[in-house]
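Just below is one structure, and these are the notes that go with it.
The values are calculated or read from the model by the stated rules, or taken from the named source; none is laboratory data. Worth saying up front: this structure is predicted, and the values here are computed from it rather than measured. Every residue, glycine among them, receives a Cβ derived from its backbone with ideal geometry; neighbour counts consider all protein chains shown. Ligands, DNA and RNA are stripped out before the accessible areas are found, and what is left, the full protein with its side chains, is counted by its heavy atoms. Shrake-Rupley method; radii C 1.70, N 1.55, O 1.52, S 1.80 Å.
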Amino acid sequence: MAVSNPRLQRLTALGTSISLDPMQRDLVRGGELARMVDEECLRGVTSNPAIFEKAILGDGGASPYDEAIAELANAGASAREIYQQLAIEDVQGACDVLRPVWESSGGSDGFVSFEVDPDLAFDTDRTLEQAKEYWARVDRPNLMIKIPGTDEGLPAITEALAAGINVNVTLLFAVSQYEKVMHAFIAGLDRRRVEGLSLDVHSVASFFVSRVDTEVDARLGDDHPELHGKAGVANARAAYQAYERIVGGEPFAELRAEGAAVQRPLWASTGVKNPAYSPVLYVDELAGPDTVNTMPLDTLRAAGEHSEVTEPRCTIDPSETLAAIAAAGIDLDDVTDTLLKQGVDKFVEPMESLLAGIEQRRAQVGA
């Protein structure tokens with residue numbers, strides 16, 4: 001019987017659900033994902049267009065997807081249809097590997113997140129339409145559909161949850177926007193409560209961390225070196241305070257009393273960008289109850305080797321740090337607005353590159 005890594009076990013015991021970013025076909029089909037579930041306390045996995053771009057196109061050489069691309073191309077599928085079919089097959093495979101986690105946790109863990117096309121981030125109706133399409137096509141109870149937490153995404157989040165679709169709200173940087181997302185989540189489940197439907201619908205809210213430090217550190221320049229690497233954790237801790245106030249407090253009380261699961265905050269972008277920082281900075285400093293940490297593979301490995309956290313740290317009050325950052329002339333609202341615009345672009349651009357690459361590969365393998 002496999003023995004789990006003790007450092008990752010300790011992190012899990014503190015309430016942090018370990019998730020992996022990225023999901024790749026070779027991890028799923030080669031057995032590595034199953035091994036990580038057994039030995040590295042893995043509780044979930046996520047995907048996005050940037051991940052699929054690297055997996056499907058690789059370095060331009062032979063790809064494990066070539067045969068499937070050729071078959072779909074010969075059947076007349078477009079580049080976008082090919083991407084969707086390949087991605088759905090990979091997501092289904094990952095869901096099947098993680099199904100035992102989902103079952104043993106009573107449906108609270110073991111999820112695979114699959115993103116709606118990023119060029120829909122500001123289109124409510126098409127976002128909802130595709131969320132429903134992907135939910136039906138993947139057809140796995142431990143699927144989460146990733147919907148951007150933009151203002152246009154909020155109604156789609158509520159409607160998807162009301163329809164019984166598990167939702168991973170992504171691209172969150174600002175605490176104020178996260179608060180809107182939590183209320184959209186509550187509204188969706190409350191619709192089900194009023195209609196007498198099952199409340200066994202799950203959601204996480206993906207709050208991005210390291211990109212905040214990258215932007216703030218750049219704005220600080222050589223000034224206030226004591227604040228470098230502090231903004232990302234402080235901003236996330238402020239988000240956790242909002243979570244405790246809204247989902248952990250009175251707004252969610254009636255739903256909680258009827259058995260609804262909380263919408264957990266998920267720490268995304270937790271690989272450090274600055275090599276001077278500890279590789280487990282965003283793991284240890286944000287560990288705590290009802291959280292998910294989606295880690296790049298290198299960060300997960302680092303956590304298994306170096307994590308030292310022994311008590312919850314996401315609950316630490318960030319007020320003093322945030323005040324110091326503001327006093328240094330940093331407008332955190334402007335930082336998070338900038339990051340949201342960049343974040344959408346960082347998902348749209350790989351999607352465009354992926355579709356162009358599939359179109360080229362489609363012609364090559366078809367020939």
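What the table shows:
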{"read-out": "Percent of Cα pairs exceeding the 25 Å cut-off, where the set is segment 184-305", "value": "36"}
{"read-out": "Compactness of segment 270-367, expressed as Rg and Dmax over alpha-carbon positions, Å", "value": "19.3, 63"}
{"read-out": "Solvent exposure ordering (accessible area, 1.4 Å, most first) of GLU349, GLU39", "value": "GLU349, GLU39"}
{"read-out": "Aspartates and glutamates whose Cα lies under 13 Å from that of LYS132, excluding same-chain neighbours fewer than 8 positions away", "value": "GLU115, ASP117, GLU159"}
{"read-out": "Global size of segment 242-290 as Cα Rg and Dmax, reported in angstrom", "value": "15.1, 47"}
{"read-out": "Distribution of pairwise C-alpha distances over segment 39-124, 10 Å bins, in %", "value": "15, 38, 31, 14, 1"}
{"read-out": "In degrees, nearest ten, helix 297-306 long axis to first principal axis of the chain (Cα)", "value": "40"}
{"read-out": "10 Å-binned pair-distance histogram of segment 1-156 (Cα, whole percent)", "value": "10, 35, 34, 17, 3, 0"}
{"read-out": "Farthest toward positive dipole pole in segment 218-367 [+1 Lys/Arg, -1 Asp/Glu at C-beta], among ALA303, VAL233, TYR277", "value": "ALA303"}
{"read-out": "Shape call, segment 96-191: gyration tensor on alpha carbons, a/c limit 1.5", "value": "prolate"}
{"read-out": "Vicinal HN-Hα couplings computed from phi for segment 194-204 (Karplus, 6.51 cos²θ - 1.76 cosθ + 1.60; Hz; Gly/Pro x)", "value": "4, 7, x, 8, 4, 9, 7, 10, 10, 8, 10"}
{"read-out": "At q = 0.10, 0.14, 0.15, 0.19 Å⁻¹, base-10 log of I(q)/I(0) for segment 107-264 (Debye sum, equal scatterers on each alpha carbon)", "value": "-0.38, -0.70, -0.79, -1.14"}
{"read-out": "Total formal charge among the other residues, if their Cβ is under 14 angstrom from that of GLU159, Lys/Arg +1 and Asp/Glu -1", "value": "-3"}
{"read-out": "Whole-number accessible area per residue in Å² for segment 1-75, which is evaluated in the context of all protein chains at 1.4 Å", "value": "46"}
{"read-out": "Under 14 Å, Cβ to Cβ, from GLY149 - net charge with Lys/Arg +1 and Asp/Glu -1", "value": "-2"}
{"read-out": "Segment 250-329: GluC sites (Glu not before Pro) in DSSP coil with no more than 13 other Cβ atoms inside 10 Å", "value": "GLU258, GLU308"}
{"read-out": "Point-to-point label distance, GLU39-SER105, nm (Cα→Cβ direction, 7 Å offset)", "value": "2.1"}
{"read-out": "Two-decimal log10 I(q)/I(0) for segment 197-265, as the Debye equation yields it once each C-alpha is a single scatterer, q = 0.14, 0.15, 0.26 Å⁻¹", "value": "-0.56, -0.60, -1.08"}
{"read-out": "Radius 14 Å from Cβ of LEU266, net charge of other residues (Lys, Arg +1; Asp, Glu -1)", "value": "-1"}
{"read-out": "Kirkwood-type radius of segment 1-81, with distances r between different C-alpha atoms, in Å", "value": "14.9"}
{"read-out": "MRE, 222 nm, helices only [DSSP H, n ≥ 4, -39500 (n - 2.57), over the chain, to nearest 500]", "value": "-17000 deg cm²/dmol"}
{"read-out": "Peptides 95-102, 13-20 ordered by average Cβ neighbours within 10 Å, highest first", "value": "13-20, 95-102"}
{"read-out": "Cα-based Rg of segment 276-325 normalised by 2.2 N^0.38 Å, two decimals", "value": "1.24"}
{"read-out": "For segment 165-231, average projected area of the Cα convex hull in nm²", "value": "5.3"}
{"read-out": "Sulfur and carbon atoms: percent of accessible area, the chain [1.4 Å]", "value": "49"}
{"read-out": "Over the chain, equivalent-ellipsoid semi-axes from the Cα gyration tensor in Å", "value": "31, 24, 22"}
{"read-out": "Cα gyration tensor of segment 74-144 - equivalent ellipsoid semi-axes, whole Å, descending", "value": "24, 16, 8"}
{"read-out": "Cross-link partners of LYS273 among lysines (Cα-Cα below 28 Å; sequence separation of 8 or more within a chain)", "value": "LYS54, LYS146, LYS230, LYS341, LYS346"}
